[in-house]
Every structure is written in C-alpha cells, then in structure tokens.
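> I'd like to ask you about the structure that follows.
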Amino acid sequence: MREKIIFAALMTERRVRVRFAPSPTGPLHIGGVRTALYNYLFARKNGGDFVLRIEDTDQSRYVAGAEEYIFDTLKWCGLEPDESVQHGGEYGPYRQSERKASYLQYAERLVKDGYAYYAFDTSSELEKMRNDFKSEQNHTPQYDLHTRLKMRNSLSLTEEEVNKLLADKTPYVIRIKMPEQETISFNDMIRGEVHFDSSLVDDKVLLKADGMPTYHLAVVVDDYQMKISHAFRGEEWLPSAPVHILLWKYLFGIENMPQWAHFPLILGPNGKLSKRDGSKYGFPVFAMNWMDPKTNELTEGFKEKGFIPQGFINLLALLGWNDGTEKEIFSLEELIEKFSMERVHSAGAHFDYDKAKWYNQEWIKQLSIADFRLQIEKGFLPENHDESKLDKIIPLVKDRCTLLTDFTEQSSFFFKAPETLDTDSVKPKWNDAKQLFFVELIRNYELTLQWDATTLESNFKEIASVNGLKPGELMLPFRIMLVGGKFGPGVFDIADVLGKEETISRIKKALDIFSAK
C-alpha cells in the first residue's frame, strides 16, 4: 500500500529570510538574476532579509572571477544583499566551501539513523551497472531501490565488510536511501500541491568522496542554519524536492522547513533561453559582459548592450509576473510594493528582445538630463565629443535612444561632419531653384547676429516664401546637408548646436555635391 505524506512548513511568527544561492561556475544568466530579483522583492515587501550565499561545493566546476561577477551584477541591478561574503552577517560563513566541517556530522547521522548509507562503488563499477541495467531495462538506469543491493554499499555488505573498508580509508560517498512506494507531496507557493512517487527518485549522493556535500545536503543544512523562511528557486530543481523534503524530515523536522516556490523557466525561441539563442539571434542572455577565463571568449551583456538598470529590472520582473493590471512600467520601489508570489506564473515566460528594448526606452525617457549624462559617460559617448555641447545635445536626442549605444549614432554628427551624404534622397528632386535658395540662405545666415533655433527657422521659412518654395520640400535636403541622412532631432536645433561657422560650412560642401553632374 502506498503511503501518502504531505509536508508543509509551519511559518508561525518566523522572520522572513530569503536567500539567493548561485554557484560560481560562470556568468549569471538572466534567469538567475530574476530569481535574485524575486527573492529581493519578497524580502523587502515583507520587511525581511535578503541573503546571498555562494554555493561552491562543486570545486571541479569553479570558474575564476565568477563570484566577483555575481556581486558586480547584483550591484549594477541595485539588489544589494543584507548578508553575504562581502556584507557579513551573523549566519556566516556565506561560502559553502567554508562550511565544509558542518556537513559531515549530518551525513553521518543520516547513516546512523538508517536514512542514508555508505557507497564504495568505483567509477568502473558504476559504469558497468549502467551498461548492464540499460541493456536489461532499455532505459537509463539509476542508483536506486532497483539497483542498490547489487552494488557495493553498506546495505549490500556485511557490517564487518563495511567497517574494514572504512578502516582502510576506502573512498566512499554517502547516499540517501529513498523509501519505497511513498507519495511525497508539498505545497508550492506558485504551483499548489505537488506530488512525487518516491520509488521513481534515485538515491542521490549527499556527501562526495572529497568530503564536500552535494547541493542536496548543503542546501538543507544551510537553509536550516541560516534560518531561511522561504526558499525560492528555478523549476529545474523541482525534481529534487522529494529528496530535500525527506532530509528536512530526517534532520530538522518539517516544522522548520521553509516555504517553497519554483519559478518558471525563461523561454527563448527554441525552449529554455540559452547562450546559444543569444549568439544565434543577436541578443544578450547575461546581465553584464563575461570574459571566459579559459577561452578568452567575450559574451556581451545587457549593460554593455546599452540597457540601464531600471529597464533591465523592469523587463525581468514581468518575465513571469504581473500585478493583475495592464501596467507595465514599474520602478523598483513600485515592484516592492506590488510584488506577491501569488501573481507569479507557473508557465514558462517567453523572452522578447524587442519588448525588452521597449522597457529600456521607456526608462531612458524618464531619466533626467543629468542622470542620462551620467549613464552615457560610462562608455557610450562618441569619439572626439565636445563636453561643452553635451548639455544642449542630450535633451535633443535622449528620447530617441532605445539603448544607450544609440546615443553615438544619434549625436555623432554634432561633433564631426558626416563623411557621406544620402544624395539619392535629394538629387532626383534637386533643381536650380533649390540651389539658389540655399545660396541665399548661406548669405542670410552669415549676416544673422542672433543664432538660435527659432531665428534660424524663421529666416529659413521667410526666404522660402519669398522664393515661392514650400519649406517642407527644403527641410530634407537641409537635414541631409547637416547630418548626412534622414534622421536626427529638429534640424534647426541641430544647426543651433553646430553653430554658424560649421552649419554654413556643411551647406556649402553639400551644394557642391548636389550640383555636381
């Protein structure tokens, strides 16, 4: 008879403490940043603590620089932890590798209580088991209730044999002993009641041969010791939940277990959003630039692509959550006020890069001139720019920028005359009347004492009227003379910033080109 066990954490009068626990194995995917964001919002909404714990128990996958990258990313996003390796706190150490000594006692206790066992199998023995079992059952084998007694472990060996192996310091791992025919259920804050058949879950390794815990043991022990009240993570960890539930039951009691929520995947064009998608379709999947220390391969991030933190956080928040209204633009403060786990979706969220850029543009529009200047001064200014002109240029082009990188294209002509002109858009309708108009305009502008956009526009239209020409037919050639193409802010504003000498110089050069046969 199958036993059904439903586990639920008891949260009476517990301070809200959440943790973001990335592994320093590479750059932080935007799915990881979203997990950090939702943890942060929940903590701030409920007056709790946001803890950053570095889960570096898998030393074979450790990547130099990854930990620093995690902190730099969260700092750029404005998601500062309350406790971490850098911030300190009363529940440290905040690197799992520095907590190594605390895990062995729990693993040994599980063995002693009959919930786990020593496994002495070598790599070749494990490989043989997989090959033999696969040929018999025609599916990928697991180290579980079907195979454990055929292997070399403390369940299949005598007590004397086990003691001798331990005395001889034979390498071993400690595995959880999954019970047979139990339905293990728990309440997910997003998905509701979730059920697992214990007979289908393999006997996960809890303690590796090098004495380091696996994620399964470490996450439970650390969450208990750090008094984590809510554990939020990606849905890829959902299959591991029955193992973690049992470890809570065996070690600390279900009443101490955090409430859980498993966030949906962020989906790309072909399933889970991946670095490969970014490379193929030309959009970032990491928050910031990442230089692979092994290959020296540079992967561009949202920050360097020209996103500002407000836009990036806004787009991430709505990848799997909404407040129940049509509202799409949220400041971090508004997200804290509105966020609730009940509004997080259980289905995967599709990443749309065009929509991501829209969020960014909306936030660029909301920046003050001073704040926008601070942003573009971080590597987004054209070469040979004139600092004295920036305060006049920024109001003209800021709202035309979707990304910070657009500022160069939208403003470069203010600092350097265009190398080429879009003559194809002018020459088909160019005639002597227009040529004479601009010759007269040059004379007028040379004599103009007051150089500002209003005066320049008034003079321009007056000359056009006297010559029987429509100003609209002359605006495009004038724009192309000054900037090279059909883009940019108001053409008289451009002339105002360029100044008299440069404006007249560009008109003269363009007339030579337009009048050439």
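> Regarding the stretch 62-81, can at least one residue be identified that is open to solvent by 80 Å² or more (accessible area, probe 1.4 Å) and small (Gly, Ala, Ser)?
Checked against the condition, which is being open to solvent by 80 Å² or more (accessible area, probe 1.4 Å) and small (Gly, Ala, Ser), the stretch 62-81 yields no hits at all.
> Right, another one. Checking His244 against (1) closer than 23 Å to Pro93 by Cα; (2) in a strand (DSSP E or B); (3) not acidic (Asp, Glu), only one condition comes out false. Which one?
Unmet condition: (2).
> Which number in (1) in a helix (DSSP H, G or I); (2) within 49 Å of the chain's Cα centre (by Cα) marks the one condition that Pro382 misses?
(1)
> For the stretch 252-267, which positions are surrounded by fewer than 20 Cβ atoms within 10 Å (Cβ to Cβ) and assigned to a strand (DSSP E or B)?
Leu267
> Just wondering, is there one or more residues in the stretch 131-148 that are open to solvent by less than 30 Å² (accessible area, probe 1.4 Å), touching a residue at least 12 places away in the same chain (Cβ under 8 Å) and among the aromatic types (Phe, Trp, Tyr)?
Looking for residues that are open to solvent by less than 30 Å² (accessible area, probe 1.4 Å), touching a residue at least 12 places away in the same chain (Cβ under 8 Å) and among the aromatic types (Phe, Trp, Tyr), one finds at least one in the stretch 131-148, hence yes.
> Give the stretch 499-517 a look and list any residue that's out of contact with any helix residue (DSSP H, G or I) (no Cβ under 7 Å at 6 or more places or on another chain) and under 24 Å from Arg400 (Cβ atoms), or say none.
Selection gives Gly499, Glu502.
> Still on this structure: Please verify whether Leu246 is buried (at least 22 other Cβ atoms within 10 Å of the Cβ), under 17 Å from the mean Cα position of the chain (by Cα) and among the hydrophobic types (A, V, I, L, M, F, W, C), treating the condition exactly as stated.
no
> May I ask you to list the residues in the stretch 394-414 that are of a type outside the set (Gly, Ala, Ser), in contact with a Leu (Cβ under 9 Å, 6 or more places away or on another chain) and closer than 30 Å to Ala464 by Cα?
Gln410, Phe413, Phe414
> So, in the stretch 349-368, how many residues would count as being assigned to a helix (DSSP H, G or I) and surrounded by 12 or more Cβ atoms within 10 Å (Cβ to Cβ)?
Residues that pass the stated criteria total 13.
> Only residues that are free of Cβ contacts under 8 Å to residues at least 12 places away in the same chain, part of a loop (DSSP other than H, G, I, E, B) and either closer than 19 Å to Tyr215 by Cα or under 23 Å from the mean Cα position of the chain (by Cα) (or both): list them for the stretch 83-99, please.
Hits for the stretch 83-99 are Gly92, Pro93.
> Same structure, new question: Going by the conditions given, is Gly278 surrounded by 13 or more Cβ atoms within 10 Å (Cβ to Cβ), at pLDDT below 90 and assigned to a helix (DSSP H, G or I)?
Spelling it out, Gly278 is indeed surrounded by 13 or more Cβ atoms within 10 Å (Cβ to Cβ), at pLDDT below 90 and assigned to a helix (DSSP H, G or I).
> I've got another one for you. Quick one: how many residues across the stretch 442-454 are in contact with a helix residue (DSSP H, G or I) (Cβ under 6 Å, 6 or more places away or on another chain) and either assigned to a helix (DSSP H, G or I) or more than 20 Å from Ser505 (Cβ to Cβ) (or both)?
Summing the residues that are in contact with a helix residue (DSSP H, G or I) (Cβ under 6 Å, 6 or more places away or on another chain) and either assigned to a helix (DSSP H, G or I) or more than 20 Å from Ser505 (Cβ to Cβ) (or both) in the stretch 442-454 gives 4.
> Could you check how many residues of the stretch 158-190 are open to solvent by less than 70 Å² (accessible area, probe 1.4 Å), assigned to a loop (DSSP other than H, G, I, E, B), touching a strand residue (DSSP E or B) at 6+ places or on another chain (Cβ under 7 Å) and not hydroxyl-bearing (Ser, Thr, Tyr)?
Number of matching residues: 2.
> Same structure again: Out of all the residues in the stretch 486-517, which are surrounded by 14 or more Cβ atoms within 10 Å (Cβ to Cβ), under 40 Å from the mean Cα position of the chain (by Cα) and of a type in the set (Gly, Ala, Ser)?
Passing the criteria: only Gly488.
> Considering each of Lys227, Lys249 in turn, give the residue that is assigned to a helix (DSSP H, G or I), in contact (Cβ under 8 Å) with a residue 12 or more places away in the chain and basic (Lys, Arg).
Lys249
> Looking at the stretch 302-319, can you tell me whether even one residue there is within 29 Å of Asn187 (Cβ to Cβ) and open to solvent by 30 Å² or more (accessible area, probe 1.4 Å)?
Within the stretch 302-319 (the criterion being within 29 Å of Asn187 (Cβ to Cβ) and open to solvent by 30 Å² or more (accessible area, probe 1.4 Å)), the answer is yes, since at least one residue qualifies.
Matching residues to (1) open to solvent by less than 30 Å² (accessible area, probe 1.4 Å); (2) within 24 Å of Ile480 (Cα to Cα); (3) in a helix (DSSP H, G or I); (4) not charged (D, E, K, R):
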position: Lys378; (1), (2), (3), (4): no, no, no, no
position: Ser388; (1), (2), (3), (4): no, no, yes, yes
position: Ile393; (1), (2), (3), (4): yes, yes, yes, yes
position: Lys398; (1), (2), (3), (4): yes, yes, yes, no
position: Phe414; (1), (2), (3), (4): yes, yes, yes, yes
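> Being of a type in the set (Asp, Glu), farther than 18 Å from Pro258 by Cβ and modelled with pLDDT of 95 or more narrows it down to one residue among Glu108, Glu83; which is it?
Only one candidate passes the filter, namely Glu108.
The values are calculated or read from the model by the stated rules, or taken from the named source; none is laboratory data. Since we're looking at a predicted model, the values are computed, not measured. Positions of Cβ are backbone-derived with ideal geometry, glycine not excepted, and every protein chain shown enters the neighbour counts. In case anyone asks, the SASA skips ligands and DNA or RNA and just uses the protein heavy atoms, side chains included. Shrake-Rupley method; radii C 1.70, N 1.55, O 1.52, S 1.80 Å.
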